[in-house]
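Reading through the structure tokens given below for one structure.
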Amino acid sequence: MSKKQSYKRGDPLAVLGMSGVGKTRIASMLRAEERWFHYSVDYRIGTRYMDEAIEDNFKREAMKAPLLRELLLSDSIYISSNITFDNLSPLSTYLGKPGDPDKGGIPFDEYVRRQREHREAEIRAMLDTPRFIEKAKTIYGYDKFICDTSGSICEVVDPEDKNDSVLKAVSDCCLIIYIAGDEAHKDALKARFDRAPKPMYYNEGFLRQVWADYLKETGVAERQVDPDAFIRWGFARLIDWRAPRYEAVAKNWGVKITARDVEKVQSPDDFLDLVDKSIKKQA
């Protein structure tokens, strides 16, 4: 029986949704005010499953500078990633952006390879959820648990497959909650992304189609693509691509609440009341 069918207030939760809908704010609030264990999937990806690749990339760049190369080869310095819940820049920097190397881009094939690494890491981090619920209790003494998922979780699952390994593992131990943004939220996300475009994870089929469409529309060669221009262009389409996938996750595996309602949440009880109402409404 999944948590959607047997949920009791205080049971483990998993929050899903696009970046900016309030997942981490809610998880941080529950951690700080009611002592919930906050399991950040992005943090787990960056510190457990992609840490070596991230640090190797830093070292590769450092080896291009003669002084740093000499210090690295003599073990005079070390380079490591400093990912935190609030700063995932090392992970996004490693994912990179495809396009002109003179503008910070990487070859598209290398971009796809790194995307595949992220996909595998995200799946493994999600499958770690049940184990971290147990660790939170037996090692750290936390009775309550919230999984703060990556914004790309809908890209690595099939919500229409009742045997999807990731969704099954998570829904068996957590109530899955989709925080849905509205049109105004979408516009705000696009505006924020335009100001500071950052690397993203994409479903590979979608990515290849968007890349082909962009090259056709702009008429530029792969090595001449402006990396920031491409990911801005792709992000606008990504929002619409993800929305129905999140809706399917909520319909088949969990419940749905709105980002507008989450914005009004001022305390853990406010949020849990919102969850209770959503469950009753969608029962």
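Numbers at a glance
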| item | result |
| --- | --- |
| Every pair of residues 6+ apart whose Cβ atoms lie under 7 Å, when the first sits in the range 266-279 and is under 18 Å from S28 (Cβ atoms) while the second is surrounded by fewer than 18 Cβ atoms within 10 Å (Cβ to Cβ) and of a type outside the set (D, E) | L272/R9 |
| Residue check, A191 open to solvent by 20 Å² or more (accessible area, probe 1.4 Å), farther than 22 Å from V15 by Cα and either at pLDDT below 95 or not in a loop (DSSP other than H, G, I, E, B) (or both) | yes |
| Pairs, first under 20 Å from R25 (Cα atoms) in the range 128-146, second of a type in the set (G, A, S) and crowded, with 18+ Cβ neighbours inside 10 Å, C-beta under 8 Å, six or more apart | T129/A14; Y142/A136; F145/A136; I146/A14; I146/A27 |
| Any hit, the range 178-186, residues being open to solvent by 20 Å² or more (accessible area, probe 1.4 Å), of a type in the set (D, E, K, R), part of a loop (DSSP other than H, G, I, E, B) and within 26 Å of G205 (Cα to Cα) | yes |
| Checking D270 against (1) modelled with pLDDT of 95 or more; (2) of a type outside the set (F, W, Y); (3) under 18 Å from K97 (Cβ atoms), the condition it does not meet | (3) |
| Criterion violated by D228 - all others in (1) assigned to a helix (DSSP H, G or I); (2) within 30 Å of K137 (Cα to Cα); (3) not polar (S, T, N, Q) satisfied | (2) |
| In the range 236-255, the residues that are within 30 Å of D100 (Cβ to Cβ), open to solvent by less than 10 Å² (accessible area, probe 1.4 Å) and of a type outside the set (A, V, I, L, M) | R242 |
| Residues located in the range 235-257, provided they are of a type outside the set (A, V, I, L, M, F, W, C), in a helix (DSSP H, G or I) and in contact with a Phe, Trp or Tyr (Cβ under 7 Å, 6 or more places away or on another chain) | Y246 |
| Conditions (1) under 30 Å from A196 (Cα atoms); (2) part of a helix (DSSP H, G or I); (3) among the hydrophobic types (A, V, I, L, M, F, W, C); number of the one not met by L72 | (1) |
| Output for the range 256-283, where each listed residue is under 20 Å from the mean Cα position of the chain (by Cα) and open to solvent by less than 10 Å² (accessible area, probe 1.4 Å) | I257, A259, V262 |
| Residue among S74, S19, S28, S81 that alone is touching a residue at least 60 places away in the same chain (Cβ under 8 Å) and open to solvent by 20 Å² or more (accessible area, probe 1.4 Å) | S19 |
| Residue count, the range 92-117 (criterion: over 12 Å from Q224 (Cβ atoms) and not in a helix (DSSP H, G or I)) | 5 |
| Some residue of the range 53-64 being open to solvent by 80 Å² or more (accessible area, probe 1.4 Å) and either in a helix (DSSP H, G or I) or modelled with pLDDT under 90 (or both) | yes |
| Residue in the range 215-232 that is open to solvent by less than 60 Å² (accessible area, probe 1.4 Å), closer than 30 Å to L13 by Cβ and either modelled with pLDDT of 95 or more or not basic (K, R) (or both) present | no |
| Counted residues, the range 118-133 - those being acidic (D, E) and part of a helix (DSSP H, G or I) | 2 |
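The values are calculated or read from the model by the stated rules, or taken from the named source; none is laboratory data. Bear in mind the structure is a predicted one, so any value in this text is a computation, not a measurement. A quick note on method: Cβ atoms are made from the backbone with ideal geometry, for glycine too, and the neighbour counts reach across all protein chains shown. Accessible surface areas use protein heavy atoms only, side chains included; no ligands, DNA or RNA. Shrake-Rupley method; radii C 1.70, N 1.55, O 1.52, S 1.80 Å.
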